[in-house]
């Protein structure tokens, strides 16, 4: 089970090492589901290369494709990233209010130090 | 590995922010939950020194974290390990804080990173840790 999971993670992370693939994922995250043609348009590489990148992302479980007539639409599939995202959310929830309080405390200390030096 | 980064500008000089981060009296003021008390705030603020923080939530549950200071460079840099004592997840993570003097006071950059386990360290190739770190930074950087 552990090996199976780490093999999956290997694929996920290997898929993320490529800048073009990260750019594709970033667009999918920002814009929602878009067609293969729309994905290819702003990229400087040719369509077969785009399809190859999409294949890598799909086998890593990071995207899913659906077909309506002749149009193939791609959407992001965040499941493999969920443990990482859950960790981030947990600690953001923990630290953000504490660092706010740290700031308020340090600012009060600063005001006190200035009053003293007057 | 995941990595959360929060950047804040604080209207206080770096020395004051640094001391608030590391001295027990300072930690006591901000490390607890909003309405719950800090029960223990121990901190030996030197390289190799340990800290121990315990606080109580409104629901009555108590939480304790411990760690060791890895880098202590007043007033610009602080790094330490972080480990929950009474949670399911007892993996050791790493916190790094850098403080930079700016016109308004201090720019604080706080990063809490998951560390790979020993197995992962052995298995994993360089490269995709970096890729994930970038991803983590982007996600964490949106707020704060």
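The values are calculated or read from the model by the stated rules, or taken from the named source; none is laboratory data. Because the structure is a prediction, the values reported are computed rather than measured. In this analysis, Cβ positions are derived from the backbone assuming ideal geometry, glycine residues included, and neighbour counts consider all displayed protein chains.
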Does segment A:11-24 contain any residue that is modelled with pLDDT of 80 or more, surrounded by 12 or more Cβ atoms within 10 Å (Cβ to Cβ), away from chain B (no Cβ under 14 Å) and farther than 25 Å from residue B:112 by Cα?
no
Being buried (at least 16 other Cβ atoms within 10 Å of the Cβ) and more than 18 Å from the chain's Cα centre (by Cα) is the filter; apply it to segment A:37-64 and report the residue that is farthest from residue A:82 (Cα to Cα).
A:40
Which of the residues spanning segment B:20-31 are in a helix (DSSP H, G or I) and more than 8 Å from chain A (Cβ to nearest Cβ)?
B:22, B:24, B:25, B:27, B:28
Residues that are assigned to a loop (DSSP other than H, G, I, E, B) and closer than 16 Å to residue A:105 by Cα, drawn from segment B:38-54:
none
Subset of segment A:73-106 that is at pLDDT below 90, touching a helix residue (DSSP H, G or I) at 6+ places or on another chain (Cβ under 8 Å) and not in a helix (DSSP H, G or I) - its residue that is surrounded by the fewest Cβ atoms within 10 Å (Cβ to Cβ)
A:78
Any residue that is on the phi > 0 side of the Ramachandran plot, out of contact with any strand residue (DSSP E or B) (no Cβ under 6 Å at 6 or more places or on another chain) and assigned to a loop (DSSP other than H, G, I, E, B) - is there at least one of those in segment A:35-55?
no
Got a number for residues in segment A:66-116 being within 7 Å of chain B (Cβ to nearest Cβ) and under 30 Å from residue B:13 (Cα atoms)?
17
